[in-house]
Amino acid sequence: MNEKRRTLLKAMGGSTALAGLAGCISTGGDGSDGSDGSDGSDGSDGSDGSDGGDGESGGTATLWTDLSDGEDEAMSSYIDEYESESSNTIEKNEPGGELDQQLETAIPSGEGPDSWIWAHDWIGRFAVREEPPFLYDASDDVDASLDVFTETAQEAVQFDGALHGLPFASETVTLFYNEDMVDEPPETFEEMLSVMDEYHNPENGEYGLSYPVTDPYFASGFIQAYGGDIFDTESLETAIDSDACKQGMDALERLFDYVPADPGYESQIVAFADGAAPFAINGPWEIANLQGEIENLGVTTLPTVDGNNPRTYSGIQTFYFSAMLSDADQSNVDAATGLAEWYTTNEDIVETNAEEQGYIPVLSSVVEDGDLSADVQAFAQQVDHGVPIPTHPNMNAVWTPLTEALTRIFNGDQESGPALDQAASEIRENQ
């Protein structure tokens, strides 16, 4: 550990606070002009303006990412900038496959990264791992006060008083539309159905909607639109077999008829990007890519369902601090935490990410400035309507059974009511 104990003002701590988080999906900007190349921070955001290291350590840290092309290009550029301003080296890798599965294999074998980027919802799941531990408490290694971030973001990166990462953006999914195909964005579910009916013609490769409907994160908004919760943060159990969730599932099922036959992510997003669908439901990580494909791209909140706002899952994008740092040289710890601190507290980077990638800022000085684009404002409004991804470890048992249930419903293999009942039973057995 660092001989000089660095203090961190923790506004919130503990697992109980994490059960009610709000805000989250990536990193970004195109990196070409995301910073003025000066000191990495203007100091007004609570950072000391340093590079996060000691300036002489020459530490090396590995960072694992799973980013879109635009995000990856931006992150590489920012890393180059960080390296040029510090004596540290960052080795950025894409392990391939599912990132959490890669971590499950790599960390126990001692081959894991020093840091990785993902939404906050893994913190509770990994923080309780002890044999071996998966996360590192960087409370003594970060100079910036957590007070520079929104309260939700502060809560998201802590568990039982330990600091396991630093936050940089909030995310959720909302409605994209092609302004050349849609005159006015729909405010209600019925209005959206009317527009989709106009364009849906699968025999000609045309569809009403691009939407990965069997992914619970994407489907969460409609399932929870009537007040039901996929995971109840008070009882710490699933409620997908509730009448409210089943009513929301009925609405979601109506959208199944308008998407391409393959519900996979790539098949869905291509339909919208190619101009073969008027709508897409997706996240801010696609803004840069879609702007390059669609000349007049619009973003709005999801339409109301019987007067109810769809309650999409949301989360906080986070630089995680890996347990690999526990046995690392302090210079390498400083390299990993220094990059995260420099990136997350740099107003220029945060503002550029908001402008070019559509990331919803969690750095308070930028949030309070209020100068956000219409696209970012739309995502921010949807976050306000949304539900935080629960971080309690029991939430981990939800994803696979619900995904399988949605797939059975989509394929016509099972009615929605029995499918949700079966998923709920499987989830409770595994918690």
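Relative to the globular-protein estimate of 2.2 N^0.38 Å, the Cα radius of gyration of the stretch 245-315 stands at 1.20. Each Lys or Arg adds one and each Asp or Glu subtracts one; over the other residues with Cβ under 11 Å from the Cβ of Phe134, this totals -2. Measuring spread by the Cα atoms of the stretch 179-308 yields a radius of gyration and Dmax of 15.1, 48 Å.
Applying the Karplus relation 6.51 cos²θ - 1.76 cosθ + 1.60 with θ = phi - 60° to the stretch 123-137 yields 3J(HN,Hα) values of 4, x, 4, 7, 5, 8, 6, 10, 10, x, x, 10, 10, 10, 8 Hz, where x marks Gly and Pro. The equivalent ellipsoid of the chain has semi-axes of 36, 25, 18 Å, largest first, where each one is the square root of 5 times an eigenvalue of the Cα gyration tensor. For Thr238, the residues whose modelled amide H falls within less than 5 Å of its own, excluding neighbours fewer than 5 places apart on the same chain, are Asp232.
Roughly how many percent of the accessible protein surface of the chain is carbon and sulfur, given a 1.4 Å probe and a whole-percent answer? Summing carbon and sulfur atoms, their accessible area is 39 percent of the total for the chain. Specify whether the C-alpha gyration tensor of the stretch 321-431 places it in the rounded, prolate or oblate class, a ≥ b ≥ c being the square roots of the eigenvalues: rounded for a/c under 1.5, otherwise prolate if a/b is larger than b/c and oblate if not. It comes out oblate by the Cα gyration axes.
In the stretch 59-173, Rg over Rh equals 0.94, where Rg is the alpha-carbon radius of gyration and Rh the Kirkwood radius from pairwise Cα distances. The residues packed around Tyr265, meaning those with a beta-carbon under 11 Å from its beta-carbon, carry a net charge of -4 if Lys and Arg are +1 and Asp and Glu are -1.
Applying the Karplus relation 6.51 cos²θ - 1.76 cosθ + 1.60 with θ = phi - 60° to the stretch 359-371 yields 3J(HN,Hα) values of 6, 8, x, 10, 7, 4, 4, 7, 4, 6, 5, x, 8 Hz, where x marks Gly and Pro. With the convex hull of the Cα atoms taken as the outline of the stretch 159-251, the averaged projected area works out to 9.4 nm².
Karplus-based coupling profile of the stretch 419-426, in residue order and whole Hz: 5, 5, 4, 5, 4, 4, 5, 5, with θ = phi - 60° in 6.51 cos²θ - 1.76 cosθ + 1.60 and x standing for Gly or Pro. Relative to one another, the C-alpha centroids of the stretch 283-305 and the stretch 103-151 are positioned 31 Å apart. Solvent exposure of the chain amounts to 38 Å² per residue of accessible area, where only protein heavy atoms count and the probe is 1.4 Å.
Electrostatic tally near Pro108: other residues with Cβ closer than 11 Å to its Cβ, Lys and Arg +1, Asp and Glu -1, net -2.
Mean residue ellipticity, 222 nm, helices only, the chain: the sum of -39500 (n - 2.57) across DSSP H runs of n ≥ 4, divided by residue count and rounded to 500, is -11000 deg cm²/dmol.
The values are calculated or read from the model by the stated rules, or taken from the named source; none is laboratory data. Since the structure is predicted, the reported quantities are computational estimates derived from the model, not experimental observations. Note: ideal-geometry Cβ built from the backbone for every residue, glycine included; neighbour counts use all protein chains shown. Side chains included, ligands, DNA and RNA excluded: accessible areas come from the protein's heavy atoms. Shrake-Rupley method; radii C 1.70, N 1.55, O 1.52, S 1.80 Å.
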